[in-house]
Each structure stands twice: as C-alpha cells, then as structure tokens.
Amino acid sequence: MREREVSLHGHTVGYLTAGEGPLIVLGHGIASSSRAWREVIPRLVDRYTVVAPDAFGHGRSAKPRGDYSLGAYASGIRDLLGVLGFDRATVVGHSLGGGIAMQAAYQFPEYVERLVLVSSGGLGREVSPILRAATLPGSELVLGLITRDWAVRAGDAVGRAAEWIGLKARPDLAEVARGYASLADADARHAFLQTVRAVIDLGGQRVSALDRLYLAEQMPTLIVWGSDDPIIPAAHGREAHRRVPGSRFVEIPGAGHWPMLDDPERFARELTDFIESTDPYEFDLDRMKEQLRRGPPGNGSG
C-alpha cells in the first residue's frame, strides 16, 4: 500500500492506493480512516486498483470548517475520482461510509459501477448510544475532556466504554478506541460533531435511504454485516436486502461492526466474487425518469 496525497479544492486529501485493474473505492466510517481497510487491501491488489481515501475531517486529510453533510462527502468521492483520472468505480462504504456511498450512487449514478454497503448507516433508526450522545447540547466541551482523558488513560476509558455499549475484545474495541483518541485534535473533533449532527439526533439516525432504495434495483448491490454488530443492528441490512431486488446479503457469523477486520479473508472473497459475477451498472436517464414516475413498490401510483 502506498500513502499518497492530492489537493482537492485547495485542501489536502490523504489516501491509500495499491494494485492495478478495475477501480474499487473503499470508504471508512465516522472518526475512522482509510486504515480501517488495512487487512482487506492486500487481498484485492492482484485484480484491482484500490483507492481508500481519508474523508475530509478524518485521518491525514484536511479538516476545514465547512460542509460535512452526506451530499458534500458524496461530492468528494466524485471529485477525487476526477482528480485521480478515473471515470467510474465499485464504491464500498463502511458505516457512515455506506451512507456516503448510497448518496454518491443517488447523486452521481454515472460514476458508480456497483454499490457495496458494509454495516451501513442510513438504513434504519437504531444506532449506538455513544453516537447519539454526541448530539446533546454541550457535547463539544464534554468530548474535549473525554478524549483528552482517553488519550492519557486509554486502558480504563476503553474498558468503561466497552461495558456501556456492549463491545467485546475484538476489532470493534480497538477501532472505537482509535477513533476516540483521534478526537483529541480540536479540528477532528469539530468535524466529528458536524458529521454526527448531520445524520443523527438523540433518537437515533435521522437520515434514511430506505424510501429511495428502489432506484438501485438495476445497480449491482452487495450488503455485508456482522451478526453481532453492537453499533448498527444487522436487521438494517436484511431490510435493505429485501428492498433492493437482486441484491446480495452476506452476514458474517460472530463479526461485529468491522466485519472486514473480523474476517478479512471472507470479506475479500465475497467482494471479489460479487465484482466478478456482476456487470457494471450503466446509467440510463430515461429508465431513472420512469422509476421516479412509478415510485417505490406499493405506493399505488400508475
């Protein structure tokens, strides 16, 4: 894997890249980074070009005081493809990255050959209390104290948080700890809060793609979940699979919120099989207009 940087709209975007072949873009979740894909990338590079960017506000990328909505993140994927000289990609998104991938497929379908959702946000209301708490008034001050303590006394903090949200001693625990440690940086903390508040409120996820999934009926779609996900329940993935005709659903037994770290070999195998056995999506404007006129199944429109 090679660490690279590129300037996008005057801001630095860091990304990992490797391999040669059809393009796969790997998107990470909130308070995470491209390193979440570190175990999967080496298993893909013999067949594919892999690009795993750090979204704005995360990892090695810039953390400007700007727009952290799903639409802005989706535009970032399109613009990164453009600046790197790519036309289209299989877009894979984990957690928040799944919501971004769906938004990219909705806004810019001509850029997306296939859609892969991994423990994805945006498919139901339920989400971990640790993320809902970030929407409370005053959470900026509390997070500053928590993350400073987390960075200094990580062991005790991780243990307490694990008991609270039901994490087990597996990749979930390490990734949550890594994410919260990153929020010791004030700019990263600001980006985190802006991102969370764009998609979550105190009651749970407030942005849902369920009413528009019918538009993806012609797009090859793979949905992957861990059976023991403590952050977003696997039932969200099953419901999305039910709503997208022809989609594939893979539930990895015993895996948590990061199934690609729990079982990277299985994940890479499922992704490779999906890509090799499906044809790239071809956007058709007339077909989309007809889908919009028809609406979702069961809406009674003629």
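The values are calculated or read from the model by the stated rules, or taken from the named source; none is laboratory data. Since we're looking at a predicted model, the values are computed, not measured. Glycine also receives a Cβ, built like all others from the backbone with ideal geometry; neighbour counts cover every protein chain displayed. Calculation scope for accessible area: heavy atoms of the full protein, side chains included, ligands and nucleic acids excluded. Shrake-Rupley method; radii C 1.70, N 1.55, O 1.52, S 1.80 Å.
Kindly provide the set of residues from segment 30-43 that are open to solvent by less than 30 Å² (accessible area, probe 1.4 Å), of a type outside the set (S, T, N, Q) and at pLDDT 95 or above, ordered by number. Show your work before the answer.
The initial filter retains those residues of segment 30-43 that are open to solvent by less than 30 Å² (accessible area, probe 1.4 Å), namely 31-34, 36-37, 40-41.
Filter once more, so that each one left must be of a type outside the set (S, T, N, Q): 31, 36-37, 40-41.
Listed by number, the residues that qualify are 36, 37, 40, 41.
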For segment 167-197, give me each residue that is at pLDDT 85 or above, in contact with an Asp or Glu (Cβ under 9 Å, 6 or more places away or on another chain) and open to solvent by less than 50 Å² (accessible area, probe 1.4 Å). 189, 190, 193
Would you check if there is a residue in segment 156-166 being surrounded by fewer than 14 Cβ atoms within 10 Å (Cβ to Cβ), hydrophobic (A, V, I, L, M, F, W, C), more than 18 Å from the chain's Cα centre (by Cα) and at pLDDT 80 or above? no
Segment 240-250, subset charged (D, E, K, R) and in contact with a helix residue (DSSP H, G or I) (Cβ under 7 Å, 6 or more places away or on another chain), residue surrounded by the most Cβ atoms within 10 Å (Cβ to Cβ): 243
Looking at segment 198-234, which of the residues that are closer than 26 Å to residue 110 by Cβ and polar (S, T, N, Q) is least open to solvent (accessible area, probe 1.4 Å)? 221
For residue 265, are the conditions met, namely being farther than 17 Å from residue 212 by Cα, open to solvent by 80 Å² or more (accessible area, probe 1.4 Å) and in contact (Cβ under 8 Å) with a residue 60 or more places away in the chain? yes
Closer than 20 Å to residue 257 by Cβ and either in contact (Cβ under 8 Å) with a residue 12 or more places away in the chain or assigned to a helix (DSSP H, G or I) (or both), is that true of residue 180? yes
Any helices (runs of 4 or more DSSP H) falling wholly within segment 183-302 and containing at least 2 residues that are over 28 Å from residue 39 (Cα atoms): 186-199, 235-243, 285-294
The one condition in (1) modelled with pLDDT of 95 or more; (2) among the small types (Gly, Ala, Ser); (3) within 22 Å of residue 99 (Cα to Cα) that residue 18 fails to fulfil: (3)
